[in-house]
1. Suppose only helical runs count, i.e. DSSP H with n ≥ 4. What mean residue ellipticity at 222 nm does that imply for chain B under -39500 (n - 2.57) per run, divided by all residues and rounded to the nearest 500 deg cm²/dmol?
2. Could you line up A:ILE20, B:ILE233 from fewest to most neighbouring Cβ atoms inside 10 Å?
3. In the structure shown, do any of A:LYS4/A:LYS36; B:LYS138/B:LYS289; A:LYS144/B:LYS346; A:LYS4/B:LYS280 have a Cα-Cα gap over 21 Å, and if so which?
4. Going by how many other Cβ atoms sit within 10 Å of their own, how do B:TYR183, B:TYR236 line up, fewest first?
5. Please give me the summed charge of the neighbours of A:ARG130: other residues whose Cβ is under 13 Å from its Cβ, Lys and Arg +1, Asp and Glu -1.
6. Can you give me the C-alpha center-to-center distance between region B:302-368 and region B:31-96, rounded to a whole angstrom?
7. Rank-order A:120-130, B:35-45 by packing density, defined as the average count of other C-beta atoms within 10 Å over each peptide's residues, highest first.
8. Mind jotting down a quarter of the surface of the convex hull over the alpha carbons of chain B, in square nanometres, one decimal?
Amino acid sequence: MDEKDRTLLHLLEENCRTPISELAVLAEMSEQDVKKRIAWLESTGVIRRYGAVIDWERAGNGNVTSVIDLKVSPERDFGYDRIAERIARFPQVRSLRLMTGTYDLQLLVTGSSMHEIARFVAEQIAPMDRIRETATHITMKTYKENGTTFAEREEVERLPYSF
Amino acid sequence: MEDVISLGVGEPDFVTPWCVCEAAIYSIEQGSTTYTSNKGTPQLRGAISHYLGTRFGTPYDPEEEVIVTCGVSEAADIAIRAVVDPGDEVLVAEPCYVSYIPCVTLAGGTPVSVPCRAEDEFRLTADALAEKITPRTKALVANFPNNPTGGVMGESDWRAVADLLVDHDLLLISDEVYAELTYDGDHFSPARIPEIRDRTITLNGFSKAFAMTGWRIGYLCAPREITAAALKIHQYVALCAPIMGQVAAYEALRIGEAEKDAMVREYRLRRNLFVDGLNKLGLSCHLPKGAFYAFPSVESTGMSDTEFAEALLREQHVAVVPGSVLGPSGLGHVRCAYAVSRDHLKDALSRMEAFLESRKLSEQISSN
């Protein structure tokens, strides 16, 4: 992994649909080299997936997202890993992280309604062994997602000047 | 005119890093709305001194060798007025930013252009310089990385020039406002050469590197005798640079580095994209190693640079600057500032392609 790989990663993260020919010009390397490096980054799992950043509020599918904090008793020999692995299997769980602070695991959960999320927490998550406490926070509005600002902001216009 | 893509202005399209704006807003809330010391706040001068020392190896005494100015524009003016007497000749490496020559004239001096040529990748050579030196020559004004060519000067280039400066007892006014925008290797500041450190006035500022054009903060660094002379002019014409700008500039040096680096990386990507596109269109362009300008030759089109720029604006709504406006060596070139988004650059390139195609077509029609 070198500077050129990192440049490619930044470019792909920004827009993974950039053509190989353009990546080659931007990152100052041959198309052959670009292909080889991307193949390597994919095979080693550095690139996990190519996706889009979607404003679901605008898409209007009515989905609800929430952050759910869990207090968990760690297991001898495994810590948080085994319970985290079980929670990650639920498709409703979009992200899952181990955190410092009051709570241990943090989940990002999407559902079709607040009711559905409440049921998921009450029926699936809370009763699991080793879960000691849950706190559910419903998203009211998303301003920025993965580095992309959703709120419309007027572009700053450059004012004319002589030179 | 509607729907114009302007590659004409040398201004970043980025807004100032938010951490810098936040600090300035807070300081206004705290009541920082006053004059400052003529030469600038001690905090900012200290930060500039530290920055120049660690970043470019050119430390200056923050007490006696640094003046914070209203942009590099003012710094260039007071530097020239501080050292030029009526009748002095001042060498100006061209093509260059439009203000140096009028500033020399306003100071009563005689500007003398020194060409930097495309075949030298727009570097200033000792040969070109030596040709223009006379017994009345007082100083040299140079700007590297260069607006409009993107040319840069490495250590060996500067050493050759330095020898001449010493031999002929000349001063150097070095405008380094694009120093951070250097893409291959590090910027070399001529004040690093011990033999000419005491005859060099270093100018720099925040507009380009930190996207802070509207804050109007630049600075002048020089040995104390020169700084003292420049300060007399500065305190009468400007009193001091705006305090909000100084607070913001201090913050930029303190915590703005990561955002600056991200902007520089983006300029580099834009450069690669745009210069590649120009060359594919047959507008031959060297790969500029600094600043944010591409300076392609338009000779292959059979048009003069002025004709090219006017027709391109009229027909395809892309604004570029004719190179001859920026000095005789700019003849046959146009300056394109790639300080716009990559999407705009791609759009500009396809418009330029359409422009060249329509020209070819009309040539064929008129020759038939």
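1. One gets -14000 deg cm²/dmol as the mean residue ellipticity at 222 nm.
2. In increasing order of surrounding Cβ atoms, one gets A:ILE20, B:ILE233.
3. Numbers: A:LYS4/A:LYS36 12 Å; B:LYS138/B:LYS289 29 Å; A:LYS144/B:LYS346 27 Å; A:LYS4/B:LYS280 24 Å.
Correct reply: B:LYS138/B:LYS289; A:LYS144/B:LYS346; A:LYS4/B:LYS280.
4. B:TYR236, B:TYR183
5. Working: positive: A:LYS71, A:ARG76, A:ARG82, A:ARG86, A:ARG132; negative: A:GLU75, A:ASP81, A:GLU85, A:ASP104, A:ASP129, A:GLU133.
Local charge sum for A:ARG130: -1.
6. 37
7. Sorting A:120-130, B:35-45 by mean packing, highest first, produces B:35-45, A:120-130.
8. 18.8
Just so you know, all these numbers are worked out from the coordinates, no wet-lab data involved. Just so you know, these numbers come straight off a predicted model, no measurement behind them. Every residue, glycine among them, receives a Cβ derived from its backbone with ideal geometry; neighbour counts consider all protein chains shown.
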